[in-house]
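Chemist: One structure is given below, represented as structure tokens, and several questions about it will come after.
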Amino acid sequence: MSAVLAQADDLAQALGGGSSSLGCTPAPADRGAFLDALDFVVSERESISGGVCIGGPGELLHLAGSHMLVSAIAIAVAVIVSVPLGLWLGHKGRGEFLAVSVSNVGRAVPSLALLAFFVAFVGIGFTNVVLVLTLLAIPPILTNTYVGVRQVDRESVDAARGVGLSEGQIVRRIELPMSLSTIFGGIRTSAVAVVATATIAPLANVQSLGNPILEPQTYGQAGQLGAAIVVALITLATDLGLGVVQRLVTPEGLKRTAHSSTTKRKRFSTIPVLRRTQTP
Amino acid sequence: MKTSIRALLAILAALALTVGLAACGGDDDGGSGSSGGDNASTQASDGGSAGGTLIKRDEANASKTITVGSKNFAEQYILGEMYAQALEAGGFKVKKQLDLGSEQVAFKALKDGRIDAYPEYTGTALTSFYRVKTDDVPRDPQKSYDELAEKVKADKITALPQTAFQNTYVIAATKAEDDKLGNPKTMTELAAKAGSKTSISGFPECRQRTDCLLGLKNVYGWTPKFISSQGQYEDLDQGQSDLTFGFSTDGALSTDKYVTYEDDKQLFPPYYVTFLTRDAAIEKLGDAGQQIIQDVQKPLTEEVMQELNSRVAIDKQEPRKVAADYLREAGFVK
């Protein structure tokens, strides 16, 4: 029996599988799932099945970079597609059925199924993942843009038309700025969903923070939990970051009224009330 | 608390069964489990009806309840159903908790006594439950089984004798790709002919495992282009990759569309099936019950298991029906 074990050791050494040659050691013994997960995030360790070093800031940064890249591109494409469409539909005041249906149906389609579905059209890879995440991101942005534009005071639009602004100018100078806050609400919703869903990217040959989650035999529970914590933190940071951008891009004069339609209006009641009383 | 978990599990299992087996009709009312269509009985089973002797019903077993579990993929459903139906035929009262998810969930359910037994793969059990490094798993099937049988004792579990087939990794190619590569037979030849430009797809899991992609480099000195996906044979069919990592009992392999290569340097550890059973349940099963388990798994060669899996994966039959048909075709039940 010992001869067999010795043989196995020799074999392991010959294969470079011995932990001594790895430059990392197995994770310390049991000390609670949460602490173990945090340790996975901050330091390298040997994989569960052995033979390779995993975890630590190096690998997680690499995975997070790829994760953020694919997410950012998807959100950017979704914004480019759905903001103009939503502005146009909202301005024309038509297509509410389209905007609402796209949103509802779009949210119901599972991304995982789309990933497999699109392999037949765009193949496995970056495009595949971007396409799936873009489709996930479009509905909230499209709906919010549409609703945002529809919520712009009609009097303001009429006034703009009265002073001679063209339809294009009305969209750009009146409706877009006044609905920016709502649009950003949609973008934030989308971004959160996209960053969380990008964990499925490894199923289409794009590395992301989903790797530790999808490879339990390599990363173990610590990797799953650790990566999930990092994803959650990035999601929060994205949301907060976009919130800051949202405030920055909202024109100064609109911050009070535009930030959120009804609730805030009560707080600053004196200003809108003046205008409201003039409404027939 | 424990009862509420148990109730929840029961509901989940019931749901899974209702959804999965709606087409079969009927219910878990014991009996011979001989539901199923006539068309299947005309299909010749590769394993042949040679092996099976009719399972004898022992009414004394009626008071003994065995809860059989399984993980959540086709082969596990089939095996779980097969063991469950065979024990039912032997007179035992059988409860099923198939669809337990990953091996961690299934093993925990077994240790906690929420199930009495479930089929597990030797390699999986050693690496996942007992932290044996993949490279340290004995490549000799008997030795790896012996090691597992020894280790599970500590958890008051018995590893019943292993099956004749194993479900290990295998590298597969389409016939056309195989021709292009000059029809290599072994993985050594394949590695030499394919080189680093050839792409191979596999689950994301494969990338950093020494018994998968890393092993190709370590053992065969071969670094093909890796494509992580969930496609497997679809990747081959759709031209997404030249080769794919499959499992040796995949239903797709029974179709003659694909070629596999011999693992001549034993990169892949053995993954034979052993019916992991709680010691408490071993007493309930008795010698006769254990014999039933061993008997019904005996005709399961790699080819037979591939064919049974193909009935689920390709013919879209219900695992419950596939298991029942197998037991009847092999002569274990009428």
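The values are calculated or read from the model by the stated rules, or taken from the named source; none is laboratory data. This structure is a prediction, so every number in the text was calculated from the model and none was measured. A quick note on method: Cβ atoms are made from the backbone with ideal geometry, for glycine too, and the neighbour counts reach across all protein chains shown.
Chemist: Which count do you get for residues in segment A:100-115 that are without any contact (Cβ under 8 Å) to a residue 12 or more places away in the chain and within 14 Å of chain B (Cβ to nearest Cβ)?
Modeler: So the answer is 2.
Chemist: Further question: Report yes if some residue within segment B:112-119 is away from every other protein chain (no Cβ under 11 Å), acidic (Asp, Glu) and buried (at least 19 other Cβ atoms within 10 Å of the Cβ); otherwise report no.
Modeler: Looking through segment B:112-119, at least one residue is away from every other protein chain (no Cβ under 11 Å), acidic (Asp, Glu) and buried (at least 19 other Cβ atoms within 10 Å of the Cβ).
Chemist: Quick one: count up the residues across segment B:272-288 that are under 16 Å from B:Ala154 (Cα atoms) and either basic (Lys, Arg) or assigned to a strand (DSSP E or B) (or both). Break it down stepwise before answering.
Modeler: Going through segment B:272-288, the residues under 16 Å from B:Ala154 (Cα atoms) turn out to be B:276-282.
When the remaining residues are screened for being either basic (Lys, Arg) or assigned to a strand (DSSP E or B) (or both), the result is B:276-278.
Of the residues in segment B:272-288, 3 are under 16 Å from B:Ala154 (Cα atoms) and either basic (Lys, Arg) or assigned to a strand (DSSP E or B) (or both).
Chemist: Only one of (1) under 21 Å from A:Gly50 (Cα atoms); (2) outside any strand (DSSP E or B); (3) in contact with a strand residue (DSSP E or B) (Cβ under 7 Å, 6 or more places away or on another chain); (4) more than 10 Å from chain A (Cβ to nearest Cβ) is not met by B:Ala252, so which one is it?
Modeler: Among (1) under 21 Å from A:Gly50 (Cα atoms); (2) outside any strand (DSSP E or B); (3) in contact with a strand residue (DSSP E or B) (Cβ under 7 Å, 6 or more places away or on another chain); (4) more than 10 Å from chain A (Cβ to nearest Cβ), the lone unmet condition for B:Ala252 is (1).
Chemist: While we're on this one: Taking the condition of being facing chain B (nearest Cβ under 8 Å), among the hydrophobic types (A, V, I, L, M, F, W, C) and free of Cβ contacts under 8 Å to residues at least 24 places away in the same chain, how many residues in segment A:197-237 meet it?
Modeler: The number of residues fulfilling the criteria is 1.
Chemist: Further question: Which of the residues spanning segment A:46-65 are away from every other protein chain (no Cβ under 12 Å) and touching a residue at least 40 places away in the same chain (Cβ under 8 Å)? Quick ask: steps written out before the conclusion?
Modeler: Keep residues of segment A:46-65 that are away from every other protein chain (no Cβ under 12 Å), which gives A:56-58, A:60-62, A:64-65.
Those that are away from every other protein chain (no Cβ under 12 Å) and touching a residue at least 40 places away in the same chain (Cβ under 8 Å): A:Leu60, A:His62, A:Ala64.
Chemist: Considering only segment B:192-235, how many residues are basic (Lys, Arg), within 25 Å of B:Val137 (Cα to Cα) and in a loop (DSSP other than H, G, I, E, B)? Before you say what the answer is, go through the steps one by one.
Modeler: The initial filter retains those residues of segment B:192-235 that are basic (Lys, Arg), namely B:193, B:197, B:207, B:209, B:217, B:225.
Among the residues that remain, those that are also within 25 Å of B:Val137 (Cα to Cα) are: B:207, B:209, B:217.
Going one step further and asking which of them are in a loop (DSSP other than H, G, I, E, B), we end up with B:209.
Here the count works out to 1.
Chemist: Applying the selection to segment B:124-145, what residues are within 17 Å of B:Val273 (Cβ to Cβ) and hydrophobic (A, V, I, L, M, F, W, C)?
Modeler: Result: B:Ala125, B:Leu126, B:Phe129, B:Val137.
Chemist: Exactly one condition in (1) crowded, with 19+ Cβ neighbours inside 10 Å; (2) over 26 Å from A:Ala227 (Cα atoms) is not met by A:Thr199; state its number.
Modeler: In the conditions (1) crowded, with 19+ Cβ neighbours inside 10 Å; (2) over 26 Å from A:Ala227 (Cα atoms), A:Thr199 misses (2) alone.
Chemist: Could I ask something else about it? Being hydroxyl-bearing (Ser, Thr, Tyr), in a helix (DSSP H, G or I) and either surrounded by fewer than 22 Cβ atoms within 10 Å (Cβ to Cβ) or modelled with pLDDT under 95 (or both) is the filter here, so list the residues in segment B:289-334 that pass it. Please lay out each step first, then the result.
Modeler: Filtering segment B:289-334 for residues hydroxyl-bearing (Ser, Thr, Tyr) gives B:301, B:310, B:326.
After this cut, where a residue has to be in a helix (DSSP H, G or I) as well, the list is B:310, B:326.
Of everything in segment B:289-334, just one residue is hydroxyl-bearing (Ser, Thr, Tyr), in a helix (DSSP H, G or I) and either surrounded by fewer than 22 Cβ atoms within 10 Å (Cβ to Cβ) or modelled with pLDDT under 95 (or both), namely B:Ser310.
Chemist: Answer yes or no as to whether A:Phe97 is within 13 Å of chain B (Cβ to nearest Cβ) and either surrounded by fewer than 19 Cβ atoms within 10 Å (Cβ to Cβ) or over 19 Å from A:Ser190 (Cβ atoms) (or both). Walk me through it before giving the result.
Modeler: Details: within 13 Å of chain B (Cβ to nearest Cβ): no; either surrounded by fewer than 19 Cβ atoms within 10 Å (Cβ to Cβ) or over 19 Å from A:Ser190 (Cβ atoms) (or both): yes.
Taking the combined requirement at face value, the residue does not satisfy it.
Chemist: Under the condition of being surrounded by fewer than 24 Cβ atoms within 10 Å (Cβ to Cβ) and outside any loop (DSSP other than H, G, I, E, B), which residue from segment B:236-249 is nearest to the other protein chains (Cβ to nearest Cβ)?
Modeler: B:Asp237
Chemist: Just one of (1) surrounded by fewer than 21 Cβ atoms within 10 Å (Cβ to Cβ); (2) of a type in the set (A, V, I, L, M, F, W, C); (3) modelled with pLDDT under 95 trips up A:Leu115, so point out which.
Modeler: Condition not satisfied by A:Leu115: (1).
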